[in-house]
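**Q** My structure is below; once you've seen it, I'll send some questions.
The values are calculated or read from the model by the stated rules, or taken from the named source; none is laboratory data. These figures come from a predicted structure and were not determined experimentally. Note that each Cβ is placed from the backbone with ideal geometry, even for glycine, and that neighbours are counted across all protein chains shown. SASA here: full protein model, heavy atoms, side chains in, ligands and nucleic acids out. Shrake-Rupley method; radii C 1.70, N 1.55, O 1.52, S 1.80 Å.
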Amino acid sequence: MELHLPRLGSDPASPFPPVERALADPDGLLAFGGDLSPARFLNAYRSGIFPWYSEGEPILWWSPARRAVLRSDGVHLPRRLRRQLRHSGWTVRADTDFVGVVRGCMAPRHGQRGTWITTGMFAAYRELHRLGHAHSVEVYAGETLVGGLIGLAFGQMFCGDSMFSAQSGGSSLALAALASRLHDWGWPLIDAQVPNAHTERLGVEVWPRERYLAALSRQRDLPGTPGQWTERFGSWSAAQILTATPPHAT
């Protein structure tokens, strides 16, 4: 199948095509090319667009018509998982091992041969983290990293990019902790990009692109301060997170 896509210019400040021009199949493919500079990365996310491609491909930019969104007070941890986590002894922190979490997210999943976090994406995330825009949430068993997630924050909006579990439940606990903290700060939403069965079980909703963009436009320009979240986020035990997260019915 031959696709005709706009190619982005070399200027990181050059605008993206209107998201309404994104393809329906594959859902949301909007443009290709450009670079992964912080300016372009942030401009993309503030416009409801994100990069997603594999090593050896050109950079592909997406804005799907079906957007995965999680309310910060809407995480559901099933009862069986809650029992497991309650006795885990795990703790959750933020921005204490950003590179470790990215490497965990880069590891191939079961049944996959590679990862969408390319070497270029890895470098871009590290620079965004250095600038205080990209954050990690880490789950530890003692001092061993057992799960986590990464994403970008601007205004009062968090856009989640990837998560991983080295032990069962690690990514779910990271997501529950993030959501609870954001809810405490008055941030209502987490962008989860593309829906999948795992995140939908945790409470992710599927919104039309127009609804997501309207919410994004309200949150992206609210007061927010870039910088490391380690102190602001604090250190939580799994039990504290479960107390702050309502039980799921299943």
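**Q** Could you tell me which GluC sites (Glu not before Pro) in the range 180-250 are loop residues by DSSP with no more than 12 other beta carbons within 10 angstrom of their beta carbon?
**A** none
**Q** Place the peptides 59-69, 77-87 in order of packing, highest mean first, counting for every residue the other Cβ atoms within 10 Å and averaging per peptide.
**A** 59-69, 77-87
**Q** Something else now. Using R₀ = 30 Å, calculate the FRET efficiency as 1/(1 + (r/R₀)^6) where r is the Cβ-Cβ separation of residue 66 and residue 239; round to 0.05.
**A** 0.25
**Q** Additional query: Assuming 0.36 nm per residue, please report the length gained on full extension of the stretch residue 214 to residue 37 beyond their Cα-Cα distance.
**A** Taking 0.36 nm per residue and subtracting the Cα distance, the gain is 61.2 nm.
**Q** Starting from the coordinates of the alpha-carbon atoms of the range 146-198, obtain the Kirkwood hydrodynamic radius over all distinct pairs and give the value in Å to one decimal.
**A** 11.5
**Q** Taking a temperature of 25 °C and a viscosity of 0.890 mPa s, what whole-number D in µm²/s does Stokes-Einstein yield for the range 134-250 with Rh from Kirkwood over alpha carbon pairs?
**A** Reported coefficient: 163 µm²/s.
**Q** Separate question: Express the carbon and sulfur contribution to the solvent-accessible surface of the range 142-195 as a percent, rounded to the nearest whole number, probe 1.4 angstrom.
**A** So the carbon and sulfur contribution to the accessible surface is 48 percent.
**Q** Another question about this same structure. Relative to the Cα centre, what is the charge dipole magnitude of the range 102-250, using +1 at the beta carbon of each Lys and Arg, -1 at the beta carbon of each Asp and Glu, and rounding to the nearest 20 debye?
**A** 260
**Q** On each of the three principal axes of the Cα atoms of the chain, give max minus min coordinate, whole Å, ordered largest first.
**A** Per principal axis, max minus min of the Cα coordinates gives 53, 39, 33 Å.
**Q** Here is a further query. How many nm separate the modelled label positions at residue 131 and residue 99, each set 7 Å beyond the Cα in the direction of the Cβ?
**A** Going from the residue 131 label point to the residue 99 one covers 2.0 nm.
**Q** Take the chain, connect every pair of alpha-carbon atoms lying under 10 Å apart with a spring to form a Gaussian network, then pick out the residue of 171, 180, 54 with the largest mean-square fluctuation.
**A** Taking springs between Cα atoms under 10 Å, the residue moving most is 54.
**Q** How far is it, in nm, from the label point at residue 107 to the one at residue 24 when both lie 7 Å from their Cα along the line to the Cβ?
**A** Between residue 107 and residue 24, the label points sit 4.1 nm apart.
**Q** For residue 97, what is the net charge nearby, where nearby means another residue's Cβ is under 11 Å from its Cβ and Lys, Arg count +1, Asp, Glu -1?
**A** Result for the neighbourhood of residue 97: -1.
**Q** State the three equivalent ellipsoid semi-axes of the range 101-186, derived from the C-alpha gyration tensor as the square roots of 5 times its eigenvalues, in descending order and whole Å.
**A** 20, 18, 11
**Q** How charged is the neighbourhood of residue 235? Take every other residue with its Cβ under 14 Å from the Cβ of residue 235, and add Lys/Arg as +1 and Asp/Glu as -1.
**A** Summing Lys/Arg as +1 and Asp/Glu as -1 gives -2.
**Q** Which is farthest toward the positive dipole end of the chain among 102, 195, 90, measuring Cα position about the Cα centre, with Cβ charges +1 (Lys, Arg) and -1 (Asp, Glu)?
**A** 90
**Q** Sketch the reach of a paramagnetic label on residue 143 as a point 7 Å from Cα along Cα-to-Cβ, and name the residues of the range 174-202 whose backbone nitrogen lies under 18 Å away.
**A** The answer is none, because no backbone nitrogen lies closer than 18 Å to the label point.
**Q** So, R0 is 45 Å and r is the distance between the beta-carbons of residue 80 and residue 53; what FRET efficiency does that work out to, to 0.05?
**A** It comes out at approximately 0.80.
**Q** Per the Cauchy relation, a quarter of the hull surface: what is the mean projected area of the convex hull of the alpha carbons in the range 1-137, in nm²?
**A** About 10.9 nm², averaged over all directions.
**Q** Mind checking the per residue accessible area of the chain for me, 1.4 Å probe, whole number of Å²?
**A** That works out to 46 Å² per residue.
**Q** About the Cα centre of the chain, what is the dipole size in debye to 20, counting +1 per Lys and Arg Cβ and -1 per Asp and Glu Cβ, all else neutral?
**A** The calculation lands at about 700 debye.
**Q** Follow-up question, since we're still on this one. What share of all Cα pairs of the range 56-144, in percent, falls into each consecutive 5 Å distance bin?
**A** The calculated distribution, bin by bin, is 3, 9, 14, 16, 23, 20, 10, 5, 1, 0.
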